[in-house]
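Read through the structure below, which is laid out as structure tokens, and then see the notes.
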Amino acid sequence: MQEKSTDKSLQEKDAYAAYQEELAFQKELNILRNDFYYKMIDSKDISLVDFFYQPLDTLSGDAYSARRINEDKTFYFLVDGMGKGLSASLSAMAVTVFVNHLIDKMIEYENFSLDILIQESMDFMKPILLDEEALSVDYILFDNYSFELEYAKFAMPPFLLEDNAGNVIKIKSNNPPMSKWSETYKIDNCSVKNIHKFLFYSDGIVENNTVEGIVYNSFIENDFIDSFTREEMKKHVLEKIAIQEDDFTFIFINRLELNETTLISAKVFETTLDAVEEANNWYDGICRNHCSGLAFNELFMNAYEHGNLGIDSEIKHQLLEQDKYFETLVSLEKECTKKITVKIYNIKTASAQYRVTQITDEGEGFDTNQLATIFRNSKKFNGRGVFVSRKNSMGIYYNSKGNSVLFLTKV
């Protein structure tokens with residue numbers, strides 16, 4: 001009898017511990033701010049921002065933040081706490097919470113300053129850090145209009161940048177690790193006008209052993225060159241890593257060359273059910289199995305019903321339950337003069353070709369911040385089309401207004 005009671009007590013403790021770990025991980029996800037969750041940067045050109053975050057334990061010593069400061073400026077923050085375990089995690093999360101809070105205030109009052117952000121976060125952390133503790137940190141500010149990059153790197157691995165000629169440029173740290181004894185820091189800047197791809201990462205990836213018995217740092221440069229998307233970079237890393245030994249975090253940015261030289265076809269469609277069928281046939285004829293017809297169909301249908309006709313997911317659900325959905329579509333499209341524009345681009349790299357399909361409607365758009373909720377709970381009715389499109393392509397990305405979406409496929 002005593003043995004059964006002990007077993008039950010252990011099971012309850014294990015269940016409680018698992019529950020607390022899940023809550024802690026959800027809290028971490030709330031702390032990691034990402035203003036580009038399946039969204040493109042649509043400033044002077046179009047850039048795609050993607051993230052890979054894979055903690056070794058529930059409490060991670062890595063953290064990141066990605067923020068849209070204004071129409072032209074974006075900010076990225078990476079921090080790696082010294083060592084592993086609770087102490088490193090608390091330090092990484094504390095500085096990330098403070099940085100995000102300060103950025104919120106700066107955005108609210110339209111007075112963002114990289115210099116003040118670094119100084120204030122350093123002053124905030126110094127009393128918290130232990131005597132022998134240190135943080136590796138990246139502060140990265142992009143001006144997407146002037147193509148300038150400002151940065152302060154505190155003992156983080158080098159940035160990798162690929163220029164338009166296929167050369168990889170490394171930008172090394174310009175500051176020692178951040179500690180409670182830190183007093184000064186340096187901010188540098190460089191032009192990224194001729195750079196089309198960026199990789200920022202913590203040392204957990206490059207210091208991890210591979211199946212070949214050497215650290216991954218020996219492979220990262222070539223894998224970066226061979227990767228067009230985050231998914232390809234992630235695949236390269238995980239194929240080579242033997243056993244994960246530390247937290248993995250990287251930010252992958254690809255500036256797309258979408259212009260007349262890469263455009264292979266474009267067409268404008270009416271907002272009708274007949275045009276939906278016409279668009280799918282046209283797209284299948286051009287791509288010839290090189291693109292995802294399922295992703296195209298879902299996203300074009302979203303542009304038709306949600307974008308130009310203005311039927312939101314809740315109303316659609318009600319109409320389907322009442323068996324009035326198609327009847328309503330036919331009625332609304334008779335009064336609709338809005339168009340749907342589709343453009344297909346072909347981008348060649350040294351090792352592969354990629355199709356970029358962009359679908360733009362003339363609707364009011366939507367709050368793209370909802371995308372994080374959609375992808376974290378794909379079983380919900382709302383957003384199923386977006387989720388299906390994501391699963392059947394190399395990634396989908398909405399503009400800031402929410403009326404234009406592009407998706408990638410590999411030829």
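The values are calculated or read from the model by the stated rules, or taken from the named source; none is laboratory data. Computed from a prediction, not measured in an experiment: that's the story for all the values here. We place every Cβ from the backbone using ideal geometry, glycine too, and count neighbours over all the protein chains shown. All accessible areas refer to the heavy atoms of the entire protein, side chains included, with ligands and DNA or RNA removed. Shrake-Rupley method; radii C 1.70, N 1.55, O 1.52, S 1.80 Å.
Structure values in brief
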quantity: Test: Glu333 is in contact (Cβ under 8 Å) with a residue 60 or more places away in the chain, surrounded by 13 or more Cβ atoms within 10 Å (Cβ to Cβ) and closer than 23 Å to Lys267 by Cβ; calculated: yes
quantity: Residue that is most open to solvent (accessible area, probe 1.4 Å), among those in region 142-169 that are in contact with an Asp or Glu (Cβ under 7 Å, 6 or more places away or on another chain), farther than 19 Å from Met40 by Cβ and in contact (Cβ under 8 Å) with a residue 24 or more places away in the chain; calculated: Ile169
quantity: Test: residue in region 86-101 that is under 23 Å from Asp246 (Cβ atoms) and assigned to a strand (DSSP E or B); calculated: no
quantity: Pairs, first outside any strand (DSSP E or B) in region 34-55, second small (Gly, Ala, Ser) and open to solvent by less than 20 Å² (accessible area, probe 1.4 Å), C-beta under 6 Å, six or more apart; calculated: Asp35/Ala66; Phe36/Ala66
quantity: Residue list for region 229-250, filter: under 17 Å from the mean Cα position of the chain (by Cα), over 26 Å from Gly85 (Cβ atoms) and open to solvent by 20 Å² or more (accessible area, probe 1.4 Å); calculated: Arg230, Glu231, Glu232, Lys235
quantity: Condition check for Asp131: touching a residue at least 12 places away in the same chain (Cβ under 8 Å), under 16 Å from Lys180 (Cβ atoms), charged (D, E, K, R) and surrounded by fewer than 16 Cβ atoms within 10 Å (Cβ to Cβ); calculated: yes
quantity: Selection status of Ala279, at pLDDT 90 or above, under 24 Å from the mean Cα position of the chain (by Cα) and under 20 Å from Thr337 (Cα atoms); calculated: no
quantity: Positions within region 302-324 being assigned to a helix (DSSP H, G or I), open to solvent by less than 40 Å² (accessible area, probe 1.4 Å) and either modelled with pLDDT of 90 or more or among the hydrophobic types (A, V, I, L, M, F, W, C) (or both), in sequence order; calculated: Asn302, Ala303, Tyr304, Glu305, Gly307, Asn308, Leu319
quantity: Residue match in region 396-406 (condition: modelled with pLDDT of 90 or more, of a type in the set (D, E, K, R) and under 18 Å from the mean Cα position of the chain (by Cα)); calculated: yes
quantity: Selection from region 104-116 of residues that are without any contact (Cβ under 8 Å) to a residue 40 or more places away in the chain and open to solvent by less than 20 Å² (accessible area, probe 1.4 Å); calculated: Met106
quantity: Yes/no for Glu212 being surrounded by fewer than 18 Cβ atoms within 10 Å (Cβ to Cβ), of a type in the set (D, E, K, R) and more than 30 Å from Gly85 (Cβ to Cβ); calculated: no
quantity: Among (1) acidic (Asp, Glu); (2) open to solvent by 20 Å² or more (accessible area, probe 1.4 Å); (3) within 26 Å of Ile41 (Cβ to Cβ), the one test that Asp138 misses; calculated: (2)
quantity: Residue within region 38-56 that is touching a Phe, Trp or Tyr at 6+ places or on another chain (Cβ under 7 Å), of a type in the set (Val, Ile, Thr), at pLDDT below 95 and farther than 24 Å from Gln358 by Cα present; calculated: no
quantity: Meets criteria (within 19 Å of Met156 (Cβ to Cβ), without any contact (Cβ under 8 Å) to a residue 40 or more places away in the chain, crowded, with 21+ Cβ neighbours inside 10 Å and not aromatic (Phe, Trp, Tyr)) for Val95; calculated: no
quantity: Evaluation of Lys193 against (1) open to solvent by less than 50 Å² (accessible area, probe 1.4 Å); (2) farther than 23 Å from Tyr38 by Cβ (one fails), failing number; calculated: (1)
quantity: Restricting region 58-70 to residues that are outside any strand (DSSP E or B) and in contact (Cβ under 8 Å) with a residue 40 or more places away in the chain, the residue that is nearest to Tyr139 (Cα to Cα); calculated: Ile69
quantity: Count of residues meeting criterion [open to solvent by 20 Å² or more (accessible area, probe 1.4 Å) and either under 17 Å from Asp312 (Cα atoms) or at pLDDT 95 or above (or both)] in region 363-372; calculated: 6
quantity: Members of region 340-362 found to be open to solvent by 20 Å² or more (accessible area, probe 1.4 Å), under 16 Å from Tyr283 (Cβ atoms) and among the charged types (D, E, K, R), listed by number; calculated: Lys343, Arg355
quantity: Test: residue in region 257-272 that is out of contact with any helix residue (DSSP H, G or I) (no Cβ under 9 Å at 6 or more places or on another chain), within 22 Å of Ile171 (Cβ to Cβ) and open to solvent by 10 Å² or more (accessible area, probe 1.4 Å); calculated: no
